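Student: Pasting a structure here, questions to come.
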Amino acid sequence: MRLHLFGRESTIRPGWLTVGPGLTSSNFDPDLYNGYFAGGNTTTGCTERIEALRPKSPPPKSRGGYSRGRGRGGR
C-alpha cells in the first residue's frame, strides 16, 4: 500500500491510501490495512500492479568524454 498525502477525490486509486483535507470520502479500510501487518509483518508488501506504477530510478549517467582515471583536470 502506498500513501498519497493531500489527495483529491479525483486521485483516489486502488493500492493507495489517499488522505487530504478536501476529501469527502475515503478508500481507507481498517481491516484490509491491519491485514497487511498480520503475523508480525512490518511492511505492506507489493503487488505487480503497484510495482508497475512505482516510479523507476533513471539509469546512471555515463562519464563519457573523460580520460580514464584522469578526471576533469587532465594533468
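Every read-out reported here was derived from the displayed coordinates using simple, explicitly stated rules and does not represent laboratory data. Because the structure is predicted, anything quoted here is derived from the model rather than measured. Please note: Cβ atoms are built from the backbone with ideal geometry, for glycine as well, and neighbour counts cover all protein chains shown.
Student: Taking the Cβ of W16 as the center, what net charge do the other residues with Cβ under 14 Å away carry, scoring Lys and Arg +1 and Asp and Glu -1?
Tutor: Working: positive: R2, R8, R13, R49, R54; negative: E9, D29, E51.
Summing Lys and Arg as +1 and Asp and Glu as -1 gives +2.
Student: Using amide H atoms built 1.01 Å from N in the peptide plane, name the residues 5+ places from H4, or on other chains, whose amide H lies under 5 Å from its own.
Tutor: HN-HN under 5 Å from H4: L17, T18, V19.
Student: Beyond 19 Å, how much of the Cα-Cα pair distribution for the range 1-61 remains, as a whole percent? Intermediate results must be reported in sequence, preceding the final value.
Tutor: Working: 788 of 1830 pairs.
Result: 43 percent of Cα pairs exceed 19 Å.
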